[in-house]
Every structure is written in structure tokens, then in C-alpha cells.
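The values are calculated or read from the model by the stated rules, or taken from the named source; none is laboratory data. No experiment lies behind these values; they were computed from the predicted model shown. Methodologically, a virtual Cβ is constructed for each residue, glycine included, from the backbone with ideal geometry; neighbour enumeration extends over all protein chains shown.
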Ligand SMILES: N[C@@H](CCC(=O)N[C@@H](CS)C(=O)NCC(=O)O)C(=O)O
């Protein structure tokens with residue numbers, strides 16, 4: 001079955017972008033930056049000053065990229081500064097929709113639209129690209145500021161400090177920037193996006209290549225976390241928070257639905273303890289909505305799970321104690 005979003009076949013997105021059966025993710029299009037004073041950021045135009053109440057996030061609780069932005073909003077204490085709406089977990093023929101009949105999904109709180117694509121065309125009447133979440137929306141200029149999660153979390157980390165409850169927390173500190181960028185790269189390629197490359201591969205060779213790279217990176221991280229508490233050392237950083245949404249989905253979804261089944265996260269002593277430490281970090285569990293996560297993947301990917309049956313298991317308990325205190329932590 002082919003799904004249509006604004007005239008675009010979703011299967012086209014999943015498949016025609018593939019080379020030799022490989023899944024290739026498209027780049028995000030809206031790349032302006034919110035900055036403290038409204039000056040232009042690293043890309044795009046200026047005019048987006050960090051002001052309380054001005055910006056809104058559109059997210060899916062299922063989506064790992066959107067999840068990052070909710071984590072940063074929470075960790076920085078921006079709950080009263082940036083509002084948000086949550087799409088329904090089912091991605092159907094018109095893409096993400098607003099329907100608050102599913103527990104914890106919301107309406108489009110700003111405009112009462114039915115579909116996410118209507119916000120993209122509200123921002124740009126000629127928009128023809130892929131409609132994704134997260135979206136950082138400017139209520140004042142009524143447009144999308146940015147739809148790239150890696151950039152949105154950098155803005156949340158620093159641009160709103162004058163209004164944040166935790167301006168002192170810096171998850172992208174100057175002295176660790178190059179280490180963070182260095183580890184982000186393989187984690188994005190082989191894990192965050194790597195699970196999708198496994199799941200959406202349409203040739204055995206493409207699947208196996210993604211699978212091998214994925215478990216090579218997990219083994220590398222497992223070894224690293226034996227000697228240090230976090231990915232770049234004793235301080236928790238952006239790199240850890242970018243990894244967390246993939247780890248927390250892994251055993252419930254990626255292991256079975258995307259065939260990432262060499263090992264579960266639960267089978268890695270260090271990774272599983274690390275995952276629990278991050279899950280138990282103040283505020284973080286409140287950003288994890290497993291009923292959205294499971295429903296989205298098992299329901300939406302027709303070509304992978306045509307029966308749409310959502311598995312009841314596995315039993316997961318991220319609240320069990322962890323042993324990470326054995327390694328030093330710096331704040
Ligand atoms: N590069 C984007 C990727 C976002 C993305 O791909 N989001 C997925 C949900 S997990 C989406 O909205 N897909 C829309 C679709 O498949 O039609 C980011 O990190 O913000």
C-alpha cells in the first residue's frame with residue numbers, strides 16, 4: 001500500500017531514496033535559529049529572539065528525534081517558556097495527524113489543524129518536501145523556525161538561558177565540543193539512524209551492513225562505558241541525550257520490528273545500567289511514552305508489519321537500580 005503526504009508517496013520516501021536497498025534520510029529544510037538577541041544563527045536569517053511564550057514545539061512522543069527536544073526542554077527548565085503539541089502515534093495516509101482520542105496525544109493547540117502538513121504549508125505555501133517532527137514554531141511570525149532536532153537542542157541548550165530555570169546546565173560545553181561532535185557522528189550514522197537503516201533496508205546486503213555497523217558501535221560504547229560514566233567522560237552532555245532516545249526504544253521496538261536482534265540493550269551490562277541512570281535522571285522518565293512508541297512503529301510501517309499487531313511485551317523496568325555510581329561524575 002502506498003501512503004500519500006501532500007501528493008508525495010511515503011513509500012517513495014522510504015524506498016526511492018534508497019541506493020542498492022539502503023535507506024537514505026533526507027536533510028531538514030527549515031534551518032533558522034532562535035538566538036538570545038535575535039541575531040542570525042549558524043544558518044538562516046535572524047529575527048528569532050528567545051522570548052518566553054513565543055515558541056511552540058510540535059512533537060511525536062514516538063519519534064526519537066522529537067524526543068531529544070522534549071528532554072532538553074525538561075532538563076533546562078523551559079516548561080513555562082516553550083509550549084508543545086503532540087501528534088497521534090499512527091502515521092497514516094496523510095502523515096502525522098492531530099487527534100487527541102489517543103491517550104496523551106493533543107490537538108494542534110495553536111491552529112486546530114488536523115494534519116502536520118497543514119502547518120508546513122502555513123509556513124510555506126509552496127512547501128513540497130517531507131513533513132517531519134519535531135518542528136520549532138514561532139507563534140509571532142507564524143512560521144517554522146527549524147525542523148532539525150540536532151539544531152533545536154542546541155538552541156534550547158543556550159539561547160533561552162535568560163528564561164530557563166537551569167541556565168547553569170550546559171550540555172555542549174566549549175571544552176568538550178570536539179569530543180561531542182566526534183562521538184555524535186558514528187552514533188547518528190550507525191545507531192540513531194542505523195536502526196532505521198536496518199528496518200527499512202530492502203536488500204539483505206544493505207540490512208547486514210547496517211546491522212554489523214550498529215552492533216560494532218554498541219560494542220564500542222559498551223567498552224567505553226566500562227571506564228567512564230558518560231560518552232565523553234565524567235560529565236553528561238548532549239551526546240548522551242542524543243543516544244538515550246534510541247536506547248530506550250531499542251528492546252521494545254528496534255530489536256524486533258527493525259530486526260536489530262544480535263543483542264538487546266538489556267544484555268549489555270554497562271549500556272543497560274547507563275540507560276537506567278539516564279531514564280532515572282530528574283524529569284526524563286516524564287518524556288518517555290512507551291504506548292506512543294510501540295503503537296507508532298508497529299502500526300505505521302505497513303511494509304514491515306502489515307497486521308499492525310502491537311506486541312504486548314517485553315516487560316521493561318527502567319526504574320530498577322543502576323550501578324553507575326561506581327564511576328566518577330562531574331556536574
Ligand atoms: N532530521 C530530522 C528527522 C526527523 C524525522 O525523520 N522524523 C520522523 C519521525 S521519527 C518523521 O516525522 N517522519 C515523517 C514521515 O515519515 O513521513 C530531525 O532530526 O529532526
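For the reader, a short list of remarks on this structure follows.
- Residue check for residue 70: at pLDDT 95 or above, under 30 Å from residue 331 (Cα atoms) and assigned to a helix (DSSP H, G or I): yes
- Condition check for residue 50: surrounded by 17 or more Cβ atoms within 10 Å (Cβ to Cβ) and within 16 Å of residue 138 (Cα to Cα): yes
- Of 94, 148, all but one fail to be surrounded by fewer than 19 Cβ atoms within 10 Å (Cβ to Cβ), touching a residue at least 12 places away in the same chain (Cβ under 8 Å) and within 11 Å of the ligand (Cβ to nearest atom); the exception is 94.
- Test: residue 59 is buried (at least 21 other Cβ atoms within 10 Å of the Cβ) and away from the ligand (no atom under 11 Å from the Cβ): no
- Entry remark, the range 106-127: residues being within 16 Å of the ligand (Cβ to nearest atom) and either more than 23 Å from residue 28 (Cβ to Cβ) or loosely packed, with under 14 Cβ neighbours inside 10 Å (or both) number 1 in total.
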